[in-house]
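*Asks:* Pasting in a structure now, in structure tokens, and then I'll have a few things to ask.
The values are calculated or read from the model by the stated rules, or taken from the named source; none is laboratory data. Note that this is a predicted model, so its numbers are computed, not measured. Cβ placement follows ideal geometry from the backbone for every residue including glycine, while neighbour counts extend to all protein chains displayed. The protein model used for the area step is the full one, side chains on, heavy atoms only, and it has no ligands, DNA or RNA in it. Shrake-Rupley method; radii C 1.70, N 1.55, O 1.52, S 1.80 Å.
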Amino acid sequence: GPTVLEALDNIEPISELQHSTSRMFVQDVYKFTKYGDMRRIIAGTVDSGTIRVGDEVVFHPSGKRTRIASIESFNTEELREVSAGEAAGFTMTEQLYVSRGELMTRVEDRAPAVTTRAQVSLFWLGREPLNCDEEFFVKIGTARVPATIESISKIVDAGDLTQSSTPTSIERNNVAECVLKFTKPLAFDSVDLL
């Protein structure tokens, strides 16, 4: 893959992200029933694309679908759309129960991958070696899911670039080509795990 510097140079500016596939991880869900407000407000920051009132959306990995009824924002005029980099709350035409970490996309946009396994290049920074049977957390967007290493195909020592093809653990500052197994399905685009 690219070097760290090349990867940083290839980061798209927000203006380009506004015209790409719509993505927003659910940060939180608010309900103010104490004050008689029965709306369920799904909050987050739009990571890419533009989301408008009336858009049909789907939440991944649950697959729940609905339409955007309104866009809620504090101390602003009524909003009809929000784009990459903007934080907002959304009410839906149907009261859905979605949770933190779900990925909201417009129905017409390319769907993300939804899986319990992912092949990754993992750069381990932990003080202690990571063994295949140890559980740790994977964080993608606002989703945080327990995971284990299902298999390791090779490890590269970052110090001298030597490779090991029969590893059972990952030492600090080593890079492992491995398969992660999540305890529940996660939704993400392939670039999320780089």
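*Asks:* Quickly work out the Val53-to-Gln27 label distance, labels modelled 7 Å from Cα along the C-beta direction, and quote it in nm with one decimal.
*Replies:* 2.2
*Asks:* Gaussian network model of the chain, Cα springs within a sub-10 Å range: biggest mean-square fluctuation belongs to which of Gly126, Gly44, Gly89?
*Replies:* Most flexible of the set in this elastic network: Gly126.
*Asks:* Also, quick follow-up: Find the lysine pairs in the chain meeting two conditions, Cα atoms under 19 Å apart and a separation of 8 or more places or different chains, and report how many there are.
*Replies:* So the count of such lysine pairs works out to 5.
*Asks:* Taking only the alpha carbons of region 49-92, what extent do you get along each of the three principal axes, in Å, biggest first?
*Replies:* 32, 20, 14
*Asks:* Kindly report, to the nearest 10 Å², the accessible surface of Glu108 as traced by a 1.4 Å probe over protein heavy atoms only.
*Replies:* 120
*Asks:* In nm, to one decimal, how far is the modelled label at Ala69 from the one at Ser153, with both set 7 Å along Cα→Cβ?
*Replies:* Computed distance between label sites Ala69 and Ser153 equals 4.8 nm.
*Asks:* How big is the gap, in Å, between the Cα center of region 146-194 and the Cα center of region 98-116?
*Replies:* Their Cα centres are 24 Å away from one another.
*Asks:* Also: As an exercise, identify the trypsin sites (Lys or Arg not before Pro) in region 78-127 lying in DSSP coil whose Cβ has no more than 12 other Cβ atoms within 10 Å.
*Replies:* Passing both the DSSP loop test and the Cβ count: Arg80, Arg110, Arg127.
*Asks:* Viscosity 1.567 mPa s, temperature 4 °C: Stokes-Einstein D of region 82-194 from its Kirkwood Cα radius, in µm² per second? The partial results should precede the final answer.
*Replies:* Working: Rh = 16.2 Å.
Using the Kirkwood radius from Cα pairs, D works out to 80 µm²/s.
*Asks:* Pairs of Cα atoms under 8 Å, at least six residues apart: use those to get the relative contact order of region 58-194, whole percent.
*Replies:* 27
*Asks:* A follow-up question, please. Roughly speaking, what % of Cα-Cα pairs in the chain are separated by over 25 Å, rounded to a whole number?
*Replies:* 46
*Asks:* A follow-up question, please. GluC sites (Glu not before Pro) within region 46-101: which are DSSP loop residues with at most 14 other Cβ atoms inside 10 Å?
*Replies:* Those that pass, being in a loop and sparsely packed, are Glu77, Glu78, Glu94.
*Asks:* GNM, the chain, Cα, under 10 Å: largest mean-square fluctuation among Ser83, Ser164, Ser20?
*Replies:* Residue with maximal mean-square fluctuation among Ser83, Ser164, Ser20: Ser164.
*Asks:* What residues have an amide H closer than 5 Å to that of Met104, excluding those fewer than 5 places away on the same chain, when H is modeled at 1.01 Å from N in the peptide plane?
*Replies:* Residues meeting the criterion, in which the H sits 1.01 Å from N, are Met24, Phe25, Val26, His60.
*Asks:* Evaluate E = 1/(1 + (r/R0)^6) for Val114 and Thr45, where r is the Cβ-Cβ distance and R0 equals 25 Å; express this FRET efficiency to the nearest 0.05.
*Replies:* According to the calculation, E is roughly 0.75.
*Asks:* Give me the net charge of Asp37's neighbourhood, meaning all other residues with Cβ under 14 Å from the Cβ of Asp37; Lys, Arg count +1, Asp, Glu -1. Let's see the in-between values first.
*Replies:* On the way: positive: Lys31, Lys34, Arg39, Arg40; negative: Glu72.
Net of charged neighbours comes to +3.
*Asks:* Further question: Whenever you get a sec, line up Tyr97, Tyr30, Tyr35 from highest to lowest accessible area (probe 1.4 Å, protein heavy atoms).
*Replies:* Result of the area sort, largest leading: Tyr35, Tyr97, Tyr30.
*Asks:* Might you tell me the accessible area per residue for region 89-150, computed with a 1.4 Å probe and given in Å²? Intermediate results must be reported in sequence, preceding the final value.
*Replies:* Working: 3540 Å² over 62 residues.
For region 89-150, the solvent-accessible area averages 57 Å² per residue.
*Asks:* Same structure again: Ignoring ligands, DNA and RNA, please state the percent of accessible area on region 80-194 from carbon and sulfur, probe 1.4 Å.
*Replies:* 49
*Asks:* Excluding ligands and nucleic acids, what accessible area in Å² is computed for Leu186 using a 1.4 Å probe, to the nearest 10?
*Replies:* 10
*Asks:* Where is the GNM fluctuation largest for the chain (alpha-carbon springs, 10 angstrom cutoff): Val107, Val26, Val58?
*Replies:* Per the Cα network of the chain with a 10 Å cutoff, Val107 tops the list.
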